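Written below as structure tokens is the structure these notes are about.
The values are calculated or read from the model by the stated rules, or taken from the named source; none is laboratory data. What you see is a predicted model; the values in this text were computed from it and never measured. Here the Cβ positions follow ideal geometry from the backbone for every residue, glycine too, while neighbour counts run over all protein chains shown.
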Ligand SMILES: Cc1cc2nc3c(=O)[nH]c(=O)nc-3n(C[C@H](O)[C@H](O)[C@H](O)COP(=O)(O)OP(=O)(O)OC[C@H]3O[C@@H](n4cnc5c(N)ncnc54)[C@H](O)[C@@H]3O)c2cc1C
């Protein structure tokens, strides 16, 4: 096995172009497990750890450009205000040791339906900055997940960063696992309120071949909030609305039975999470100052 | 073999005083090393020029092995040897703890997923692994038996058609390893007197020991044609007895030394890499190291027997048990391992710590194509405890009685008789243990509520996963109590050996202890040194590495090592003390009348009278001479259970623990947070109170794991579906509740210092207490462990 250690981003891109089968390694918290399990034995590894800019982020006026290798622990510590959904998701990942190494780039690279960053990225409307020697393209998160552990990256591309809109309203992430820490999701749900656009977005994890949005549920809730004048009044949506939202979220999933849980339970649990996260985010929305200047 | 009667401990009127002696929480020597990562485990061993061994395992649960082609593996550069069944050196090619039914390497048939088929030795572990992948094995899959119905069908494939073990003539189907009935009284007549009768069928999933240090060892070929084996195990001499014959070597040519053990819990009673490593070392003439990775480890050791338990209990309106009937079916998997003894335990302890005079009990273990099951902490008593404690709750509810009060009315006490007819002739404070856990204050409610706005999710079901902020959360409280036997039962000649040397070094008396007792993390070496300090009055005690140059210590299991090897050390120290006093009398007898008449003790490096008067310094008595004695120690003999009635003095000692569980359940999601799990246990004498509390807390958490998460999932194809810590979940610190421990010390006068084996009892009652609390919170019947969210939310 060859081990390529580019010293700079340009070198990394050149190496990936020259050896498209070389597998990038960032925190290694997914990849080393796969190697250990003998699930894959790449010919070459492309070590990204010398490229410091991958561990940095820039906060712009409306977006955060999050370097692919910013560890979860940094997201939790420093980006809780700007990216509350992702910060909450980061906190549910693994253990402190893993959170100190793993990051969103690796989660996207693996593109497991159980990756915890995905529901938060879907709910916030992130874009992935994919770069190769050929140039840079921005991939909408909605177009990124192609199948079980398959993503939209070309063989010569690397993820440079993820661009996330700064939260304009409350966001929540919740995941079900049969242990109270350090557990892979049985199912997970992310919800983001976007008061600036008066929309909501969702993300479902571990309950379909890829991370997915519950679009019908989003449309339903967006309409219900508008029709009821909730954005202005702050009044919580009626229980019947919450129940319908929950039903539609559960219906958006396409889960399977596996060792972690049954399909029926996953649907059931998603409904519960949808209802609860709606309650929490709406409560937070009411409590925060809703004047546009503060958005 | 007739048991050599053991001289009872010479009873001193007053216990010797010793700093860091018996009864003190002496710090363990390996503690700091382990938490700082410096402790050398078996997997850390290294030898110049060593090779790495790798095991090729069967992907099928049941298949004929039509051919094995090793040519491609042998051709890999760096490979030194590839071995299959055909390469075994003698005609004895099977081993086993109780029955010689386990092939060293698959012999024409594989009977479970993960069975070893071939071995590779190479100069790098990766090379060995790749070479193993190139071994071409042609399998013809066979139908699998995976439960009672398929195993005992008339046309079921017989897994071991040529059985010659001593249980074989007595079973009605060859796929039954062993069956033990226990009958006493007249259950039919008693049932007629019952005002209420409750029945239930309970299921226990397959738990894994999940020790953190995977199976590892280093085999070094010796010039005399023998082999030196360094290995993490639970019982060196039992390994030796199984290893030597299949290597074709006399036992003295296989020299074993214990290496650093990272936990055991029963999972190292059976052999793993021992024979394989030796075979490769003897074949290649080079040292061979084998370390399982976690995946291999899940296939490399036996698990706790999954069980289906049917129970019927009756009681009068006054809340007294009339009778009990039960049928316990244990899945032994493909090989016998210790299944017969597990059956004996399950049968004899199936009534729990209760007085029931009329019983009809049947326990049996099956041969199936599931993974082999054998010893795990609690050993047959765990499965039974979950069932009978569930029944106790059900009966109490039926009678409208408080569950603790109902148990109290039926609790056994000293003098009570077990279903086997054995009288419990030592304290049995069952009611008192329950009373104590019940009397504890309950933990505060709604501990997740904080002064700030956001709840502390760590205190809620779901924990860090942020699934509830209090919605759907209901508290429940549950109780359970259990009974576990200590030591090896059913007439087994159970003994331990200790060699102790007392001499003077640098003017100070010092002692050296040599035993073969496996320190697996329980603190045995600490306890041995404490006993020597107390008995011989020396401060400096060296514990030698455990190896087979000294006699057997028996197994580090069955809660027995403090009793047995502790007892052997004490016993040997008593012999040394007598020699010291004889020397003293010879040297100084004339100087003081007390030498002839008084009871003399060794304290603080001196010979003293009971009143504390110093007669001589040990150094002067020894005068350059060393006293070196090796002795065996036996507990009192037991008897086999009668094959038809199960009657007999089968067990040495009993150990009791009770738990109260307080849980918070997210009733909508089915997630559980155990808030507190309090345990009261009688340990007879806490030789090292801190170590005892550690055992109680560890056992309690292992029982919690079985209650809510730990299970090896095996499909109907008998294949293991979750052989990794990704999906075999064990409790994290956030799943671990507050664990109040209340230790009783009611002496058992049959045992050294009155102590009672402590390691297993807390694993029993923990599980049913947690489930009882979940039932209280949810109202669900919950007849299966581990309880899954699906069961709590009633989703398919
Ligand atoms: C004990 C343990 C527990 C875990 N628990 C969780 C959990 O609870 N939730 C969860 O979501 N995950 C969990 N994981 C998985 C893992 O930690 C995460 O997926 C993490 O985000 C991976 O990040 P990494 O930097 O370590 O990725 P790596 O392992 O380095 O890489 C993962 C994949 O992404 C690719 N990749 C990495 N960086 C780039 C890049 N810049 N451009 C293109 N491709 C790239 C790699 O080639 C590889 O295919 C756990 C892992 C372990 C070991």
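Data table
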quantity	calculated
Some residue of segment A:107-119 being over 30 Å from residue A:177 (Cα atoms) and either in a helix (DSSP H, G or I) or more than 11 Å from the chain's Cα centre (by Cα) (or both)	no
Selection status of residue B:462, farther than 19 Å from residue B:657 by Cβ, within 31 Å of the chain's Cα centre (by Cα) and surrounded by fewer than 23 Cβ atoms within 10 Å (Cβ to Cβ)	no
Selection from segment A:75-97 of residues that are part of a helix (DSSP H, G or I), more than 12 Å from chain B (Cβ to nearest Cβ) and in contact with a helix residue (DSSP H, G or I) (Cβ under 8 Å, 6 or more places away or on another chain)	A:75, A:86
Selected residue (only one of B:330, B:366 is within 21 Å of residue B:557 (Cβ to Cβ) and touching a helix residue (DSSP H, G or I) at 6+ places or on another chain (Cβ under 7 Å))	B:330
Matching entry among A:96, A:113 (being within 30 Å of residue A:1 (Cα to Cα), buried (at least 19 other Cβ atoms within 10 Å of the Cβ) and more than 9 Å from the ligand (Cβ to nearest atom))	A:113
Condition met for residue A:56 (more than 8 Å from the ligand (Cβ to nearest atom), surrounded by fewer than 17 Cβ atoms within 10 Å (Cβ to Cβ) and within 15 Å of residue A:162 (Cβ to Cβ))	yes
All positions within segment A:16-42 that are within 14 Å of chain B (Cβ to nearest Cβ) and more than 8 Å from the ligand (Cβ to nearest atom)	A:35, A:36, A:37, A:38, A:39, A:40, A:41, A:42
Only one of B:285, B:248 that is out of contact with any strand residue (DSSP E or B) (no Cβ under 7 Å at 6 or more places or on another chain), outside the structural domain of residue B:546 (by TED's automatic domain parsing) and on the phi > 0 side of the Ramachandran plot	B:248
Sole residue being outside any strand (DSSP E or B), more than 24 Å from residue B:464 (Cα to Cα), away from chain B (no Cβ under 14 Å) and more than 13 Å from the ligand (Cβ to nearest atom), chosen from A:61, A:65	A:61
Condition check for residue B:737: in contact with a strand residue (DSSP E or B) (Cβ under 6 Å, 6 or more places away or on another chain), under 22 Å from residue B:209 (Cβ atoms) and either within 16 Å of the ligand (Cβ to nearest atom) or within 14 Å of chain A (Cβ to nearest Cβ) (or both)	yes
Close pairs (9 angstrom Cβ cut-off, 6 or more residues apart or separate chains): at positive phi in segment A:19-35, surrounded by fewer than 17 Cβ atoms within 10 Å (Cβ to Cβ) and at pLDDT 95 or above anywhere	A:28/A:49
Helices (runs of 4 or more DSSP H) (entirely within segment B:202-307) containing at least 1 residues that are farther than 30 Å from residue B:721 by Cβ, over 26 Å from the mean Cα position of the chain (by Cα) and touching a residue at least 40 places away in the same chain (Cβ under 8 Å)	B:236-247, B:274-284
Residues being in a helix (DSSP H, G or I) and without any contact (Cβ under 8 Å) to a residue 60 or more places away in the chain - total across segment B:764-796	0
Residues of segment B:714-727 satisfying the condition of being more than 9 Å from chain A (Cβ to nearest Cβ) and under 23 Å from the mean Cα position of the chain (by Cα)	B:714, B:720, B:723, B:725
Single residue of segment A:156-173 satisfying the filter (in a strand (DSSP E or B) and away from the ligand (no atom under 13 Å from the Cβ)) that is nearest to the other protein chains (Cβ to nearest Cβ)	A:172
Residue check, residue B:91 closer than 30 Å to residue B:716 by Cβ and either at pLDDT 95 or above or assigned to a loop (DSSP other than H, G, I, E, B) (or both)	no
Residue count for segment B:638-687, restricted to those that are within 14 Å of another protein chain (Cβ to nearest Cβ), in contact with a strand residue (DSSP E or B) (Cβ under 7 Å, 6 or more places away or on another chain) and not in a strand (DSSP E or B)	2
Pick from segment A:71-92, criterion within 10 Å of the ligand (Cβ to nearest atom) and buried (at least 24 other Cβ atoms within 10 Å of the Cβ), ranking: nearest to residue B:464 (Cα to Cα)	A:92
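Residues checked against (1) crowded, with 20+ Cβ neighbours inside 10 Å; (2) in contact with a strand residue (DSSP E or B) (Cβ under 7 Å, 6 or more places away or on another chain):
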site	(1), (2)
B:412	yes, yes
B:418	yes, no
B:431	yes, yes
B:437	yes, yes
B:443	no, yes
B:451	no, no
B:457	yes, no
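To keep it simple, each residue is scored yes or no on (1) at pLDDT below 95; (2) buried (at least 16 other Cβ atoms within 10 Å of the Cβ); (3) touching a strand residue (DSSP E or B) at 6+ places or on another chain (Cβ under 9 Å); (4) in the same structural domain as residue B:507 (by TED's automatic domain parsing).
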| residue | (1), (2), (3), (4) |
| --- | --- |
| B:547 | no, yes, yes, yes |
| B:551 | no, yes, yes, yes |
| B:556 | no, yes, yes, yes |
| B:559 | no, yes, yes, yes |
| B:563 | no, yes, yes, yes |
| B:566 | no, yes, yes, yes |
| B:581 | no, yes, yes, yes |
| B:590 | yes, no, no, yes |
| B:598 | yes, no, yes, yes |
